[in-house]
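K.L.:
Submitted below is the structure of interest, expressed as structure tokens.
The values are calculated or read from the model by the stated rules, or taken from the named source; none is laboratory data. The structure presented is a predicted model; accordingly, all values stated were derived computationally and were not measured. Reconstructed Cβ throughout: ideal geometry from the backbone, glycine too, with neighbour counts over all protein chains shown. Ligands, DNA and RNA are stripped out before the accessible areas are found, and what is left, the full protein with its side chains, is counted by its heavy atoms. Shrake-Rupley method; radii C 1.70, N 1.55, O 1.52, S 1.80 Å.
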Amino acid sequence: MSRRIWLIGLSAILALLPFLYRSTAAQPSSIKTIVPGVWFSEGDLMNFGHCNNIFIEMKDYLIVVDANFPSGARLALESAKKVSNKPVKYVFDTHHHGDHAYGNPVWTRSGATTLAYKGVTEEMRRYEPARWQSTAKARKDVAELNLSTAEPPKQTFDKSPFILKDQTREVQFHFLGWAHTRGDGFVYLPKEKILCSGDAVVNGPYNYTADANISNWPAVVRGAQKLDVTHLLPGHGVPGGKEVLAGQRQFMTELHKSVAEAIKEGKKLQDLIGSETKMVFGNRVPATTSIRLPDAVKNWVGDFLPAQVKDTYEEISQKTPHGDLPH
Ligand SMILES: [Zn+2]
Ligand SMILES: [Zn+2]
């Protein structure tokens, strides 16, 4: 093949790549009906850092699960209008991370009430305004809001579950303990057997462990497994069933077990983690690890594994939940 034809061929392949990728993987911004009146929209994590959104139709209003980043909030507002003409009354922050809660001002300006377990406000008090300000340097949508810090949820609950109920539907908001963050909230629809899990249960290699209590994580998922679940709608990754709960729990158990065994064998952190770093979804993390996890949990193993191993190592060796260590 001549160099010129080769180049034309290569550019055609490159032009097609996004479509090839999209046809097999995520379909960002598409809205999927889970059951009548409950819709799921997968966030474009790769390009915009967005989380997933869930829309729940009540008799007179909508509940949206997760505020998303500001740009994701605007997309979700559009999606809400597409699925129903009822107003968005509540937006539930599953936790304090920017991809789930930094869109709060977009929603409150549109008239909605942001809602969360009280641990979300407490986490914001711990980590803000530092994270908001560094995110605003990297993200236009956050900078454009012209605020000095994250907007905490307007309404919080302390006693779990908090329940919203009318003639058409019951929606429960649960706090089941500290897993991904101290504020992790789950949304459960008992009649429809739908569980929205935020980042406490993800479907894919998206577990971020810096603010976590890694050793307590499987117990929190075990709590979620006590609920009768047909549809598991995660904070990142595609919808699944209760096998996603089992897989996420097993991943966290295997991660903890492998690192604990390595520590028992006298391994040091530098034996488990290489010195190179790389960027993964906006986070600078170690690039390599010698830890290997069983094939059964490979759905959850990806670019974050070295960072997860490092966080787990620090948590076990310092006998303190990673979120309580300086980070
Ligand atoms: Zn998160
Ligand atoms: Zn997230």
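K.L.:
Explain nothing, just compute: Karplus ³J(HN,Hα) = 6.51 cos²θ - 1.76 cosθ + 1.60, θ = phi - 60°, for every residue of region 248-255 in order, whole Hz, x for Gly and Pro.
P.N.:
The phi angles translate into 4, 5, 5, 4, 5, 5, 5, 4 Hz.
K.L.:
Indicate, rounded to the nearest 5 percent, the antiparallel portion of the DSSP beta bridges found entirely in the chain.
P.N.:
Bridges in the chain that DSSP calls antiparallel: roughly 65 percent.
K.L.:
Between Lys257 and Arg74, what is the label-to-label distance in nm when each label sits 7 Å out along the Cα-to-Cβ direction?
P.N.:
About 4.7 nm separates the two model spin labels.
K.L.:
Just want to confirm a number: the relative contact order over region 251-291, from Cα pairs under 8 angstrom separated by 6+ residues, in percent.
P.N.:
Computed value for region 251-291: 33 percent relative contact order.
K.L.:
Taking all protein chains as present, what is the carbon and sulfur share of the accessible area of region 78-122, in % to the nearest whole number, probe 1.4 Å? Write down the numbers at each step before the final one.
P.N.:
Numbers: 680 of 1530 Å².
C and S atoms contribute 44 percent here.
K.L.:
A further question on this structure: Write out the GluC sites (Glu not before Pro) in region 58-133 meeting two conditions: DSSP loop, and at most 11 other Cβ atoms within 10 Å of their Cβ. Don't jump to the answer; show the numbers that get you there.
P.N.:
Numbers: sites: Glu78, Glu122, Glu123; in loops: none.
Here no loop site has a sparse enough neighbourhood.
K.L.:
Can I ask one more? Could you tell me the relative contact order of region 194-295? Use alpha-carbon pairs under 8 Å, at least six residues apart, and round to a whole percent. Show your work: numbers first, answer last.
P.N.:
Values: 124 pairs, mean separation 25.7, N = 102.
Contact order relative to length: 25 percent.
K.L.:
Averaged per residue, what accessible area in Å² does region 175-240 show with a 1.4 Å probe, protein chains only?
P.N.:
Numbers: 1710 Å² over 66 residues.
In whole numbers, region 175-240 has 26 Å² accessible per residue.
K.L.:
So for region 144-263: antiparallel DSSP bridges make up what percent, rounded to the nearest 5? Intermediate results must be reported in sequence, preceding the final value.
P.N.:
Numbers: 12 of 17 bridges.
Looking only at bridges with both residues in region 144-263, the antiparallel portion is about 70 percent.
K.L.:
Hey, another quick one. First check a/c for region 170-327, with a ≥ b ≥ c the square roots of the eigenvalues of its C-alpha gyration tensor; if it is under 1.5, answer rounded, and if not, answer prolate when a/b is larger than b/c or oblate otherwise.
P.N.:
It comes out prolate by the Cα gyration axes.
K.L.:
Moving on to the next point. List the trypsin sites (Lys or Arg not before Pro) within region 218-303 that DSSP assigns to loop and that have no more than 13 neighbouring Cβ atoms inside 10 Å.
P.N.:
Numbers: sites: Arg222, Lys226, Lys242, Arg249, Lys257, Lys264, Lys267, Lys268, Lys278, Arg284, Arg292, Lys298; in loops: Lys226, Lys267, Lys268, Arg292.
In loop regions of region 218-303 (DSSP not H, G, I, E or B), the sparsely surrounded trypsin sites (Lys or Arg not before Pro) are Lys226, Lys268, Arg292.
K.L.:
State the answer as a single residue: which of Val259, His95, Ala179 lies farthest towards the positive end of the charge dipole of the chain, with beta carbon charges of +1 for Lys and Arg and -1 for Asp and Glu, about the Cα centre.
P.N.:
With unit charges placed on the Cβ atoms, the residue in question is His95.
K.L.:
Quantify, in whole percent, the carbon and sulfur part of the accessible surface of region 226-309 (1.4 Å probe; protein heavy atoms only). Mind showing how you got there, number by number?
P.N.:
Details: 2200 of 4230 Å².
About 52 percent, which is the carbon plus sulfur part of the accessible surface.
K.L.:
Follow-up question, since we're still on this one. If you take every DSSP beta bridge fully contained in region 49-134, what fraction is antiparallel? Give it as a percent rounded to 5.
P.N.:
Details: 4 of 11 bridges.
So the antiparallel bridges in region 49-134 amount to around 35 percent.
K.L.:
For region 222-289, state which GluC sites (Glu not before Pro) are in a DSSP loop and have at most 14 other beta carbons lying within 10 Å of their beta carbon.
P.N.:
On the way: sites: Glu243, Glu254, Glu261, Glu265, Glu276; in loops: Glu265, Glu276.
Taking region 222-289 and a limit of 14 other Cβ atoms within 10 Å, the loop GluC sites (Glu not before Pro) found are Glu265, Glu276.
K.L.:
Ok, one more. Tell me, what is the per residue accessible area of region 41-140 in Å², probe radius 1.4 Å? Don't skip to the answer; put the middle values down first.
P.N.:
Numbers: 3780 Å² over 100 residues.
The answer is 38 Å² per residue.
K.L.:
Using a 1.4 Å probe, what is the accessible area per residue for region 256-327, in Å²? The partial results should precede the final answer.
P.N.:
On the way: 4070 Å² over 72 residues.
Normalised by residue count, the accessible surface of region 256-327 is 56 Å².
K.L.:
Any idea how far the Cα center of region 251-301 sits from the one of region 96-112, in Å?
P.N.:
Between the Cα centres of region 251-301 and region 96-112 lies a distance of 33 Å.
K.L.:
Only helical DSSP H runs with n ≥ 4 go in: add -39500 (n - 2.57) per run for the chain, normalise by residue count and round the 222 nm mean residue ellipticity to 500 deg cm²/dmol. Present the calculation step by step, with values, prior to reporting the outcome.
P.N.:
Working: 12 runs with 122 residues, N = 327.
That calculation yields -11000 deg cm²/dmol at 222 nm.
K.L.:
Right, something else. Give me the percent of accessible area attributable to carbon and sulfur for region 136-210, probe 1.4 angstrom.
P.N.:
Details: 1630 of 3160 Å².
Answer for region 136-210 is 52 percent, counting heavy atoms of protein chains only.
K.L.:
Please compute the contact order of the chain in relative form: average sequence separation of alpha-carbon pairs under 8 Å and at least six residues apart, divided by the residue count, as a percent. Don't skip to the answer; put the middle values down first.
P.N.:
On the way: 641 pairs, mean separation 40.3, N = 327.
It rounds to 12 percent for the chain.
K.L.:
In addition: Quote the charge dipole size of region 171-327 about the Cα centre in Debye, to the nearest 20; the model charges only the Cβ of Lys and Arg (+1) and of Asp and Glu (-1).
P.N.:
Values: 17 positive and 17 negative charges, 43 e Å.
Computed charge dipole of region 171-327: roughly 200 debye.
K.L.:
Over the C-alpha atoms of the chain, what are the Rg and the largest Cα-to-Cα span, Dmax, in Å?
P.N.:
Here Rg and the maximum Cα pair distance are 20.3, 70 Å.
K.L.:
Name the residue, out of Met58, Met46, Met124, whose mean-square fluctuation peaks in a Gaussian network model built on the chain with Cα pairs under 10 Å.
P.N.:
Comparing Met58, Met46, Met124 in the GNM, the peak value goes to Met46.
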